[in-house]
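A.B. asks: Quick one: structure below, then a few questions.
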Amino acid sequence: MPLFSGKPVFVTGTGIHLPKRVLTNQDLEKMVDTTDEWIVERTGIRTRHIAAPGELTSDLAYAAGLEALGSAGLKPENLDMILVATNSPDTLFPGVAAKVQGKLEATRAGAADLQSGCTGCVYALAIATAGIASGLWENVLVVGAEVLSSLINWQDRNTCVLFGDGAGAMVLSSNPAGALARILSSDLRSDGTRHDLISFPGGLVENPTSPNTLEENLHSVQMKGNEVFKFVNQALPGFLRESCEKSGLEPAQIDWWIFHQANLRIIDSVLKRLQVDSSKTFVNLDKYGNTSAASVFLAFHEAYAEGKLAPSQKVLITSFGAGMTYGDIILEMQGGRHAEK
Ligand code: UT7
(Lines give C-alpha, C1' and ligand atoms only; values in the text may rest on other atoms or scores of the structure.)
Protein backbone atom coordinates (compact mmCIF):
# COMPACT_ATOMS: atom_id res chain seq x y z
CA MET A 1 0.00 0.00 0.00
CA PRO A 2 1.43 3.40 -0.86
CA LEU A 3 -0.60 5.18 1.85
CA PHE A 4 1.51 6.42 4.76
CA SER A 5 0.56 5.22 8.23
CA GLY A 6 1.94 6.46 11.55
CA LYS A 7 2.10 10.13 12.44
CA PRO A 8 0.61 12.56 9.91
CA VAL A 9 3.22 14.51 7.93
CA PHE A 10 2.76 18.08 6.70
CA VAL A 11 4.46 20.41 4.24
CA THR A 12 4.97 23.54 6.33
CA GLY A 13 7.16 25.65 4.06
CA THR A 14 8.60 26.00 0.57
CA GLY A 15 11.38 28.03 -1.03
CA ILE A 16 13.16 28.39 -4.35
CA HIS A 17 16.32 29.96 -5.68
CA LEU A 18 17.38 30.61 -9.27
CA PRO A 19 20.67 31.95 -10.58
CA LYS A 20 20.39 35.44 -12.13
CA ARG A 21 21.66 34.73 -15.64
CA VAL A 22 18.98 33.81 -18.18
CA LEU A 23 19.91 31.89 -21.33
CA THR A 24 17.34 32.21 -24.13
CA ASN A 25 16.67 29.98 -27.12
CA GLN A 26 18.00 32.84 -29.26
CA ASP A 27 21.28 32.69 -27.32
CA LEU A 28 21.44 28.93 -28.03
CA GLU A 29 20.89 29.55 -31.76
CA LYS A 30 24.30 31.26 -31.72
CA MET A 31 25.96 28.32 -29.92
CA VAL A 32 24.65 25.17 -31.70
CA ASP A 33 22.71 24.23 -34.83
CA THR A 34 19.21 24.79 -33.41
CA THR A 35 16.28 27.20 -33.63
CA ASP A 36 13.89 28.78 -31.17
CA GLU A 37 11.07 27.21 -33.19
CA TRP A 38 12.49 23.65 -32.83
CA ILE A 39 13.06 24.01 -29.07
CA VAL A 40 9.60 25.50 -28.39
CA GLU A 41 7.77 22.99 -30.60
CA ARG A 42 9.59 19.91 -29.30
CA THR A 43 9.91 20.87 -25.63
CA GLY A 44 8.00 24.06 -24.68
CA ILE A 45 11.20 25.58 -23.24
CA ARG A 46 11.94 29.27 -23.95
CA THR A 47 14.52 30.28 -21.32
CA ARG A 48 16.56 28.67 -18.54
CA HIS A 49 18.70 30.07 -15.69
CA ILE A 50 22.43 29.35 -15.60
CA ALA A 51 24.68 29.55 -12.53
CA ALA A 52 27.55 32.05 -12.56
CA PRO A 53 31.12 30.69 -12.45
CA GLY A 54 31.77 29.69 -8.84
CA GLU A 55 28.05 29.57 -7.97
CA LEU A 56 27.67 26.03 -6.63
CA THR A 57 24.79 23.60 -6.20
CA SER A 58 25.24 23.96 -2.42
CA ASP A 59 24.81 27.76 -2.75
CA LEU A 60 21.49 27.37 -4.57
CA ALA A 61 20.38 24.61 -2.16
CA TYR A 62 21.23 26.77 0.86
CA ALA A 63 19.29 29.77 -0.46
CA ALA A 64 16.19 27.70 -1.29
CA GLY A 65 16.44 25.88 2.05
CA LEU A 66 16.70 29.13 4.00
CA GLU A 67 13.59 30.50 2.28
CA ALA A 68 11.68 27.27 2.99
CA LEU A 69 12.67 27.38 6.66
CA GLY A 70 11.48 31.00 6.92
CA SER A 71 8.20 30.11 5.26
CA ALA A 72 7.75 27.24 7.77
CA GLY A 73 8.53 29.59 10.66
CA LEU A 74 11.35 27.30 11.84
CA LYS A 75 14.94 27.92 12.90
CA PRO A 76 17.84 25.80 11.59
CA GLU A 77 18.25 24.20 15.03
CA ASN A 78 14.69 22.82 14.76
CA LEU A 79 15.80 20.53 11.90
CA ASP A 80 16.45 16.83 12.51
CA MET A 81 17.50 15.98 8.97
CA ILE A 82 18.50 17.62 5.70
CA LEU A 83 18.10 15.63 2.47
CA VAL A 84 19.35 17.05 -0.82
CA ALA A 85 18.32 15.41 -4.08
CA THR A 86 20.88 16.27 -6.73
CA ASN A 87 22.60 14.87 -9.80
CA SER A 88 25.13 17.69 -9.97
CA PRO A 89 26.75 17.84 -6.51
CA ASP A 90 29.62 20.31 -5.98
CA THR A 91 31.89 17.27 -5.54
CA LEU A 92 31.20 13.54 -5.29
CA PHE A 93 32.00 13.93 -1.61
CA PRO A 94 31.46 15.71 0.69
CA GLY A 95 27.75 15.81 -0.13
CA VAL A 96 25.76 18.98 -0.78
CA ALA A 97 23.47 18.32 2.22
CA ALA A 98 26.40 18.42 4.66
CA LYS A 99 27.52 21.79 3.27
CA VAL A 100 23.94 23.14 3.56
CA GLN A 101 23.74 21.87 7.14
CA GLY A 102 27.04 23.59 7.97
CA LYS A 103 26.04 26.89 6.34
CA LEU A 104 22.64 26.91 8.02
CA GLU A 105 24.23 26.00 11.37
CA ALA A 106 21.54 23.34 11.74
CA THR A 107 23.45 21.90 14.67
CA ARG A 108 20.99 19.10 15.53
CA ALA A 109 20.52 17.83 11.97
CA GLY A 110 21.89 14.89 10.03
CA ALA A 111 22.58 15.40 6.34
CA ALA A 112 22.60 13.17 3.26
CA ASP A 113 22.45 13.51 -0.51
CA LEU A 114 20.12 11.42 -2.61
CA GLN A 115 20.97 10.71 -6.22
CA SER A 116 18.28 9.01 -8.25
CA GLY A 117 18.07 10.99 -11.48
CA CYS A 118 15.39 13.64 -11.71
CA THR A 119 13.16 11.41 -9.51
CA GLY A 120 15.49 12.07 -6.53
CA CYS A 121 13.09 14.83 -5.43
CA VAL A 122 10.16 12.43 -5.00
CA TYR A 123 12.38 9.76 -3.40
CA ALA A 124 13.71 12.32 -0.90
CA LEU A 125 10.19 13.50 -0.05
CA ALA A 126 9.05 9.89 0.50
CA ILE A 127 12.04 9.09 2.75
CA ALA A 128 11.55 12.29 4.76
CA THR A 129 7.85 11.47 5.16
CA ALA A 130 8.61 7.90 6.29
CA GLY A 131 11.13 9.26 8.81
CA ILE A 132 8.61 11.67 10.32
CA ALA A 133 5.66 9.23 10.18
CA SER A 134 7.72 6.64 12.08
CA GLY A 135 8.64 9.12 14.82
CA LEU A 136 12.36 9.19 13.94
CA TRP A 137 12.32 12.88 12.96
CA GLU A 138 10.05 15.89 13.53
CA ASN A 139 11.29 18.43 10.99
CA VAL A 140 13.11 17.62 7.75
CA LEU A 141 14.39 20.02 5.10
CA VAL A 142 14.16 18.42 1.64
CA VAL A 143 15.94 20.22 -1.19
CA GLY A 144 16.29 19.55 -4.91
CA ALA A 145 19.23 21.47 -6.37
CA GLU A 146 21.14 21.36 -9.64
CA VAL A 147 23.89 23.12 -11.54
CA LEU A 148 23.60 20.81 -14.52
CA SER A 149 25.09 23.52 -16.74
CA SER A 150 28.49 22.32 -15.44
CA LEU A 151 27.81 18.75 -16.62
CA ILE A 152 26.49 19.58 -20.09
CA ASN A 153 28.40 19.36 -23.34
CA TRP A 154 27.56 22.80 -24.75
CA GLN A 155 28.28 21.56 -28.25
CA ASP A 156 25.64 18.80 -28.02
CA ARG A 157 22.33 20.21 -29.26
CA ASN A 158 20.54 17.03 -28.10
CA THR A 159 21.04 17.98 -24.45
CA CYS A 160 22.25 21.58 -24.08
CA VAL A 161 18.90 23.15 -25.04
CA LEU A 162 17.01 21.18 -22.38
CA PHE A 163 18.53 21.75 -18.97
CA GLY A 164 18.64 24.66 -16.52
CA ASP A 165 20.01 25.38 -13.04
CA GLY A 166 17.99 26.05 -9.90
CA ALA A 167 16.91 24.83 -6.48
CA GLY A 168 13.66 24.28 -4.63
CA ALA A 169 12.94 23.14 -1.10
CA MET A 170 10.18 21.93 1.19
CA VAL A 171 10.06 21.65 4.97
CA LEU A 172 8.18 18.57 6.19
CA SER A 173 7.01 18.52 9.81
CA SER A 174 4.93 16.51 12.24
CA ASN A 175 3.45 19.77 13.60
CA PRO A 176 0.43 20.79 11.51
CA ALA A 177 0.56 24.50 12.50
CA GLY A 178 0.35 26.61 9.37
CA ALA A 179 0.62 23.57 7.09
CA LEU A 180 0.29 24.07 3.34
CA ALA A 181 -0.38 20.39 2.66
CA ARG A 182 -0.57 16.94 4.22
CA ILE A 183 1.25 14.02 2.60
CA LEU A 184 -1.04 11.08 1.89
CA SER A 185 0.87 8.50 -0.14
CA SER A 186 3.85 7.73 -2.31
CA ASP A 187 4.80 5.11 -4.88
CA LEU A 188 8.37 4.63 -6.17
CA ARG A 189 9.66 2.51 -9.07
CA SER A 190 12.75 1.80 -11.10
CA ASP A 191 13.61 -0.07 -14.29
CA GLY A 192 17.37 -0.47 -14.03
CA THR A 193 17.50 -2.50 -17.25
CA ARG A 194 17.22 0.90 -19.00
CA HIS A 195 20.17 2.51 -17.18
CA ASP A 196 21.80 3.31 -20.52
CA LEU A 197 19.14 5.88 -21.48
CA ILE A 198 20.51 8.78 -19.38
CA SER A 199 24.02 8.76 -17.94
CA PHE A 200 27.10 10.71 -16.97
CA PRO A 201 29.67 8.02 -17.66
CA GLY A 202 33.08 9.65 -17.14
CA GLY A 203 35.36 10.18 -14.16
CA LEU A 204 34.36 7.41 -11.77
CA VAL A 205 34.80 3.64 -11.37
CA GLU A 206 33.49 2.51 -14.76
CA ASN A 207 35.46 5.09 -16.76
CA PRO A 208 38.20 6.67 -14.63
CA THR A 209 39.37 10.01 -16.03
CA SER A 210 41.85 9.54 -18.85
CA PRO A 211 42.75 11.30 -22.12
CA ASN A 212 40.25 8.90 -23.79
CA THR A 213 37.31 9.83 -21.54
CA LEU A 214 38.01 13.49 -22.29
CA GLU A 215 38.33 12.92 -26.01
CA GLU A 216 35.10 10.89 -26.11
CA ASN A 217 33.23 13.57 -24.12
CA LEU A 218 32.27 11.10 -21.38
CA HIS A 219 32.37 13.84 -18.74
CA SER A 220 28.98 15.17 -19.77
CA VAL A 221 25.31 14.17 -19.73
CA GLN A 222 24.52 11.55 -22.40
CA MET A 223 20.87 10.99 -23.25
CA LYS A 224 18.92 8.90 -25.73
CA GLY A 225 16.19 11.51 -25.67
CA ASN A 226 13.72 9.86 -28.00
CA GLU A 227 13.95 6.53 -26.12
CA VAL A 228 13.42 8.35 -22.81
CA PHE A 229 10.38 10.00 -24.34
CA LYS A 230 8.93 6.61 -25.37
CA PHE A 231 9.81 4.95 -22.04
CA VAL A 232 8.02 7.65 -20.06
CA ASN A 233 4.97 7.57 -22.30
CA GLN A 234 4.73 3.80 -21.86
CA ALA A 235 5.50 3.54 -18.14
CA LEU A 236 3.98 6.62 -16.53
CA PRO A 237 0.25 6.62 -17.36
CA GLY A 238 -0.42 3.09 -16.05
CA PHE A 239 1.80 3.65 -13.04
CA LEU A 240 0.04 6.91 -12.12
CA ARG A 241 -3.40 5.36 -12.54
CA GLU A 242 -2.36 2.45 -10.30
CA SER A 243 -0.90 4.77 -7.62
CA CYS A 244 -4.14 6.76 -7.55
CA GLU A 245 -6.17 3.56 -7.18
CA LYS A 246 -3.91 2.24 -4.40
CA SER A 247 -4.44 5.57 -2.62
CA GLY A 248 -8.22 5.19 -2.93
CA LEU A 249 -8.53 7.82 -5.67
CA GLU A 250 -9.47 8.00 -9.35
CA PRO A 251 -7.24 10.14 -11.61
CA ALA A 252 -10.30 12.42 -12.01
CA GLN A 253 -10.17 13.13 -8.26
CA ILE A 254 -6.68 14.65 -8.49
CA ASP A 255 -7.15 18.42 -8.69
CA TRP A 256 -3.57 19.30 -9.69
CA TRP A 257 -0.87 17.29 -11.50
CA ILE A 258 2.62 18.64 -10.86
CA PHE A 259 4.89 16.90 -13.38
CA HIS A 260 8.65 16.82 -13.66
CA GLN A 261 9.21 19.81 -15.95
CA ALA A 262 11.13 18.03 -18.72
CA ASN A 263 9.00 18.45 -21.82
CA LEU A 264 5.53 19.89 -22.39
CA ARG A 265 4.79 17.18 -24.97
CA ILE A 266 5.43 14.46 -22.35
CA ILE A 267 3.12 16.18 -19.86
CA ASP A 268 0.38 16.60 -22.48
CA SER A 269 0.58 13.04 -23.76
CA VAL A 270 0.57 11.44 -20.26
CA LEU A 271 -2.44 13.56 -19.26
CA LYS A 272 -4.21 12.60 -22.49
CA ARG A 273 -3.68 8.90 -21.75
CA LEU A 274 -5.10 9.46 -18.26
CA GLN A 275 -8.03 11.38 -19.79
CA VAL A 276 -7.20 14.37 -17.60
CA ASP A 277 -7.65 17.92 -18.92
CA SER A 278 -4.42 19.89 -19.38
CA SER A 279 -5.93 22.76 -17.32
CA LYS A 280 -5.21 20.56 -14.27
CA THR A 281 -1.46 20.83 -14.57
CA PHE A 282 0.95 23.63 -13.71
CA VAL A 283 3.80 24.33 -16.13
CA ASN A 284 6.87 26.55 -15.66
CA LEU A 285 9.37 24.67 -17.83
CA ASP A 286 9.03 27.47 -20.40
CA LYS A 287 10.95 29.73 -17.97
CA TYR A 288 13.33 27.28 -16.29
CA GLY A 289 13.87 24.31 -18.65
CA ASN A 290 14.51 20.91 -17.11
CA THR A 291 16.02 21.53 -13.66
CA SER A 292 16.11 17.79 -12.90
CA ALA A 293 15.71 17.06 -9.16
CA ALA A 294 14.68 20.69 -8.52
CA SER A 295 11.86 20.92 -11.05
CA VAL A 296 8.82 19.73 -9.10
CA PHE A 297 9.82 21.88 -6.11
CA LEU A 298 9.92 24.95 -8.39
CA ALA A 299 6.55 24.03 -9.88
CA PHE A 300 4.82 23.33 -6.55
CA HIS A 301 6.20 26.53 -4.99
CA GLU A 302 5.04 28.72 -7.88
CA ALA A 303 1.65 27.03 -8.22
CA TYR A 304 1.07 27.66 -4.51
CA ALA A 305 2.36 31.25 -4.68
CA GLU A 306 -0.01 31.95 -7.58
CA GLY A 307 -2.92 30.80 -5.39
CA LYS A 308 -3.78 27.83 -7.59
CA LEU A 309 -3.69 25.12 -4.89
CA ALA A 310 -6.76 25.52 -2.65
CA PRO A 311 -7.42 23.83 0.72
CA SER A 312 -8.67 20.20 0.51
CA GLN A 313 -7.54 19.83 -3.11
CA LYS A 314 -5.49 16.73 -3.99
CA VAL A 315 -2.13 17.30 -5.68
CA LEU A 316 -0.08 14.58 -7.35
CA ILE A 317 3.64 15.31 -7.81
CA THR A 318 5.48 12.98 -10.20
CA SER A 319 8.93 12.69 -11.70
CA PHE A 320 11.06 10.39 -13.88
CA GLY A 321 14.70 10.24 -14.82
CA ALA A 322 18.04 8.44 -15.00
CA GLY A 323 17.92 4.88 -13.77
CA MET A 324 15.26 4.78 -15.20
CA THR A 325 13.49 5.75 -12.00
CA TYR A 326 10.02 7.18 -11.56
CA GLY A 327 7.67 7.88 -8.70
CA ASP A 328 4.95 10.03 -7.26
CA ILE A 329 3.68 11.53 -4.05
CA ILE A 330 0.09 12.60 -3.35
CA LEU A 331 -0.73 15.54 -1.08
CA GLU A 332 -3.90 17.09 0.28
CA MET A 333 -3.77 20.87 0.50
CA GLN A 334 -4.46 22.47 3.91
CA GLY A 335 -5.36 25.99 4.98
CA GLY A 336 -1.73 27.17 5.25
CA ARG A 337 -0.85 30.38 7.06
CA HIS A 338 -4.11 31.99 5.87
CA ALA A 339 -6.05 29.59 8.13
CA GLU A 340 -4.28 31.02 11.21
CA LYS A 341 -5.30 34.65 10.57
O1 UT7 B 1 14.85 14.78 -17.08
C2 UT7 B 1 15.43 13.70 -17.73
C3 UT7 B 1 14.46 13.08 -18.59
N4 UT7 B 1 14.71 13.44 -19.95
C5 UT7 B 1 13.70 13.76 -20.74
O6 UT7 B 1 12.59 13.86 -20.32
C7 UT7 B 1 13.96 13.93 -22.20
C8 UT7 B 1 12.87 13.21 -22.97
N9 UT7 B 1 12.99 13.39 -24.39
C10 UT7 B 1 12.64 14.54 -24.98
O11 UT7 B 1 12.23 15.49 -24.35
C12 UT7 B 1 12.70 14.57 -26.49
O13 UT7 B 1 12.99 13.28 -26.97
C14 UT7 B 1 13.77 15.57 -27.02
C15 UT7 B 1 13.28 16.99 -26.80
C16 UT7 B 1 15.09 15.36 -26.32
C17 UT7 B 1 13.96 15.37 -28.53
O18 UT7 B 1 12.72 15.49 -29.19
P19 UT7 B 1 12.27 14.37 -30.26
O20 UT7 B 1 11.00 14.82 -30.83
O21 UT7 B 1 12.29 13.05 -29.56
O22 UT7 B 1 13.39 14.49 -31.35
P23 UT7 B 1 14.40 13.36 -31.87
O24 UT7 B 1 15.41 13.04 -30.84
O25 UT7 B 1 13.63 12.25 -32.49
O26 UT7 B 1 15.14 14.17 -33.03
C27 UT7 B 1 14.44 14.65 -34.19
C28 UT7 B 1 15.42 15.47 -35.02
C29 UT7 B 1 16.74 14.75 -35.27
O30 UT7 B 1 17.16 15.06 -36.60
P31 UT7 B 1 16.94 13.98 -37.77
O32 UT7 B 1 17.70 12.76 -37.33
O33 UT7 B 1 15.44 13.75 -37.85
O34 UT7 B 1 17.50 14.67 -38.97
C35 UT7 B 1 17.68 15.43 -34.30
O36 UT7 B 1 19.03 15.39 -34.73
O37 UT7 B 1 15.73 16.68 -34.34
C38 UT7 B 1 17.16 16.83 -34.31
N39 UT7 B 1 17.53 17.62 -33.12
C40 UT7 B 1 17.54 18.97 -33.12
N41 UT7 B 1 17.28 19.87 -34.07
C42 UT7 B 1 17.35 21.17 -33.74
C43 UT7 B 1 17.86 17.18 -31.90
N44 UT7 B 1 18.10 18.21 -31.08
C45 UT7 B 1 17.91 19.33 -31.82
C46 UT7 B 1 17.99 20.71 -31.53
N47 UT7 B 1 17.69 21.58 -32.51
N48 UT7 B 1 18.33 21.17 -30.32
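A.B. asks: Does Val32 satisfy the condition of being assigned by TED's automatic domain parsing to the domain that holds Gly131 and open to solvent by less than 10 Å² (accessible area, probe 1.4 Å)?
C.D. replies: No: the conditions fail for Val32.
A.B. asks: Something else about it: Report yes if Ala181 is within 20 Å of Ala64 (Cβ to Cβ) and crowded, with 24+ Cβ neighbours inside 10 Å, otherwise no.
C.D. replies: Criteria met by Ala181.
A.B. asks: Counting only residues that are of a type outside the set (A, V, I, L, M) and closer than 20 Å to Val228 by Cβ, how many does segment 248-281 have?
C.D. replies: Selection size over segment 248-281: 11.
A.B. asks: Answer yes if at least one residue in segment 38-56 is away from the ligand (no atom under 13 Å from the Cβ) and among the aromatic types (Phe, Trp, Tyr), and no otherwise.
C.D. replies: No, every residue in segment 38-56 fails to be away from the ligand (no atom under 13 Å from the Cβ) and among the aromatic types (Phe, Trp, Tyr).
A.B. asks: List, please: which pairs have Cβ atoms under 7 Å, are six or more places apart or on different chains, and start with a residue in segment 264-284 that is among the aromatic types (Phe, Trp, Tyr) and end with one that is within 16 Å of the ligand (Cβ to nearest atom) and open to solvent by less than 70 Å² (accessible area, probe 1.4 Å)?
C.D. replies: Phe282/Ile258; Phe282/Ala299
A.B. asks: Could we say that Arg189 is touching a helix residue (DSSP H, G or I) at 6+ places or on another chain (Cβ under 7 Å) and surrounded by 15 or more Cβ atoms within 10 Å (Cβ to Cβ) here?
C.D. replies: yes
A.B. asks: For segment 252-265, give me each residue that is open to solvent by less than 10 Å² (accessible area, probe 1.4 Å) and either near the ligand (Cβ under 7 Å from one of its atoms) or polar (S, T, N, Q) (or both).
C.D. replies: Once the filter is applied, which keeps residues that are open to solvent by less than 10 Å² (accessible area, probe 1.4 Å) and either near the ligand (Cβ under 7 Å from one of its atoms) or polar (S, T, N, Q) (or both), segment 252-265 yields His260, Gln261.
A.B. asks: Scan segment 310-334 for residues that are more than 16 Å from the ligand (Cβ to nearest atom) and assigned to a loop (DSSP other than H, G, I, E, B) and report the count.
C.D. replies: 5
A.B. asks: What's the number of the condition Val140 fails, among (1) among the β-branched types (Val, Ile, Thr); (2) in contact with a Phe, Trp or Tyr (Cβ under 9 Å, 6 or more places away or on another chain); (3) not in a loop (DSSP other than H, G, I, E, B)?
C.D. replies: Result: Val140 passes all but (2).
A.B. asks: Scan segment 145-165 for residues that are within 12 Å of the ligand (Cβ to nearest atom) and either closer than 17 Å to His17 by Cβ or outside the structural domain of Thr47 (by TED's automatic domain parsing) (or both) and report the count.
C.D. replies: Number of matching residues: 4.
A.B. asks: Please specify each residue of segment 59-82 satisfying the condition of being open to solvent by less than 10 Å² (accessible area, probe 1.4 Å) and either more than 28 Å from Gly135 (Cα to Cα) or without any contact (Cβ under 8 Å) to a residue 40 or more places away in the chain (or both).
C.D. replies: Selection gives Leu60 alone.
A.B. asks: Which of the residues that make up segment 189-242 are closer than 14 Å to Asn158 by Cβ and more than 13 Å from the ligand (Cβ to nearest atom)? Outline the logic, then answer.
C.D. replies: Residues of segment 189-242 that are closer than 14 Å to Asn158 by Cβ, as a first pass: 197-199, 217, 220-229.
Result: Asn217, Ser220.
The values are calculated or read from the model by the stated rules, or taken from the named source; none is laboratory data. Predicted model only: the values in this text are computed from it and were never measured. A quick note on method: Cβ atoms are made from the backbone with ideal geometry, for glycine too, and the neighbour counts reach across all protein chains shown. All accessible areas refer to the heavy atoms of the entire protein, side chains included, with ligands and DNA or RNA removed. Shrake-Rupley method; radii C 1.70, N 1.55, O 1.52, S 1.80 Å.
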